[in-house]
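Here the structure is laid out as structure tokens; the discussion comes afterwards.
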Amino acid sequence: MDEKNAFSEWCIVELLGHRKLAGLVTERVIAGKGFLQVQVPNKAGEMQTQLISPDSVYCITPTEAQICRKFAESCQPNPISKWDLRTLLETYPQATQHLLDQDDDQDNADDEEMKV
């Protein structure tokens, strides 16, 4: 696809399994396979990127950026949780301990900020 016809729109994306994302949607090719790249804005104004297989998309609704930004507040992607990290640690202890250490450091920093 040439750059003139490349898809780049603010959209609400509905995925099979009743998951929804809102953000700037573009197309990406990785290893010869097409994906949707959804850049989901967070409250800090940063973008969290999700790459989605088009096969898992139920509906794409193009809309205005302001609507997507507001809707995105309720559907922030969580790529990994503490529980996932704990499972990884049990399975691959040497490879993942530093991830838990960083997470604990962040928790301690958050606790210190709350005391101030």
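Read-outs throughout are calculated quantities, based only on the coordinates presented, and are distinct from any laboratory measurement. Source: prediction; values computed, not measured. Reconstructed Cβ throughout: ideal geometry from the backbone, glycine too, with neighbour counts over all protein chains shown.
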Hey, which of the strands (runs of 3 or more DSSP E) in the range 14-73, taking only ones fully inside, have at least 3 residues that are touching a strand residue (DSSP E or B) at 6+ places or on another chain (Cβ under 7 Å) and in contact (Cβ under 8 Å) with a residue 40 or more places away in the chain? 19-30, 57-62
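Yes/no matrix, rows are residues, columns are (1) within 15 Å of residue 75 (Cα to Cα); (2) surrounded by 13 or more Cβ atoms within 10 Å (Cβ to Cβ):
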{"site": "21", "(1), (2)": "yes, yes"}
{"site": "30", "(1), (2)": "no, no"}
{"site": "34", "(1), (2)": "no, no"}
{"site": "37", "(1), (2)": "no, yes"}
{"site": "41", "(1), (2)": "yes, yes"}
{"site": "45", "(1), (2)": "yes, no"}
{"site": "49", "(1), (2)": "yes, yes"}
{"site": "53", "(1), (2)": "no, no"}
